[in-house]
Every structure is written in C-alpha cells, then in structure tokens.
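Taking it in order: structure first as structure tokens, then the write-up.
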Amino acid sequence: MRLSELFKALGDVTRLRIILALDQGEMCVCDLAAFLGVTESAVSHQLRLLRQLHLVANRRKGPILYYRLDDDHVSQLVHIGLVHIRE
C-alpha cells in the first residue's frame with residue numbers, strides 16, 4: 001500500500017533529514033551531502049527512493065540536478081507530525 005510506503009520513507013532518519021533540508025529550499029546532492037554530513041552516494045540513494053514516492057522532484061541545470069520537495073503536501077505532512085509530537 002502506498003500510504004505505508006510513504007510513512008516508512010519518512011520514518012528513516014536520513015530521508016527525514018533530507019526532507020527537512022529541502023523544506024528550506026532547493027539543493028543539489030553535493031550540498032545535501034555536506035549539510036547532512038554523509039556521502040553523496042548515500043544522499044543519491046535516498047533521493048532515488050524519495051523521487052519514486054513523489055516526495056521530491058528534481059530539475060537539471062547543466063550537469064547538476066537540483067532537488068526540491070515535490071509539492072506543499074510533503075511539507076505539510078512533516079509539519080503536522082512535528083506539531084503532533086510537540087503537544
């Protein structure tokens with residue numbers, strides 16, 4: 001079921017950190033890797049899954065891919081979860 005895949009994806013700390021980083025704005029793999037303190041390969045692997053689930057989207061500018069949240073719903077899901085755990 002796609003809903004369980006969505007929540008499973010958000011349940012991984014690295015993927016959640018990527019989502020939170022992209023909630024601040026568009027980033028390339030190298031910037032995400034530096035920001036998160038992980039390898040570019042690890043970030044690329046996680047981004048592939050997040051793209052398959054339509055949580056992130058990308059655009060190409062020359063040789064560089066820039067990633068962003070796919071739509072506002074992704075940000076809303078995370079923010080609703082944060083509000084819930086803070087109550």
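The values are calculated or read from the model by the stated rules, or taken from the named source; none is laboratory data. All figures in this text were calculated on a predicted structure; none of them were measured in a lab. Don't worry about glycine lacking a Cβ; one is built from the backbone with ideal geometry, like all the others, and counts go over all protein chains shown.
One table, with the values for the structure above:
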read-out	value
Number of the exception - Gln24 against (1) exposed (fewer than 13 other Cβ atoms within 10 Å of the Cβ); (2) assigned to a helix (DSSP H, G or I); (3) not β-branched (Val, Ile, Thr)	(2)
Per-region count, the stretch 27-37, residues surrounded by fewer than 16 Cβ atoms within 10 Å (Cβ to Cβ) and farther than 21 Å from Lys61 by Cα	1
Of residues in the stretch 1-59 being under 12 Å from the mean Cα position of the chain (by Cα) and of a type in the set (Ser, Thr, Tyr), the one farthest from Gly81 (Cα to Cα)	Ser44
Residues being without any contact (Cβ under 8 Å) to a residue 40 or more places away in the chain, of a type outside the set (D, E, K, R) and either farther than 14 Å from Leu22 by Cβ or outside any helix (DSSP H, G or I) (or both) - total across the stretch 45-75	10
Lone qualifier among Ile85, Ile64 - being exposed (fewer than 15 other Cβ atoms within 10 Å of the Cβ) and either in contact with a strand residue (DSSP E or B) (Cβ under 8 Å, 6 or more places away or on another chain) or modelled with pLDDT of 95 or more (or both)	Ile64
Qualifying positions in the stretch 67-79 - in contact with a strand residue (DSSP E or B) (Cβ under 6 Å, 6 or more places away or on another chain) and of a type in the set (Asp, Glu)	Asp70
Among the residues listed as Val43, Val56, the single one being in contact with a Ser or Thr (Cβ under 9 Å, 6 or more places away or on another chain) and at pLDDT 95 or above	Val43
Top-ranked residue of the stretch 1-21 - restricted to ones that are closer than 15 Å to Tyr67 by Cα and either in contact (Cβ under 8 Å) with a residue 60 or more places away in the chain or touching a Phe, Trp or Tyr at 6+ places or on another chain (Cβ under 9 Å) (or both), ranked as surrounded by the most Cβ atoms within 10 Å (Cβ to Cβ)	Ile18
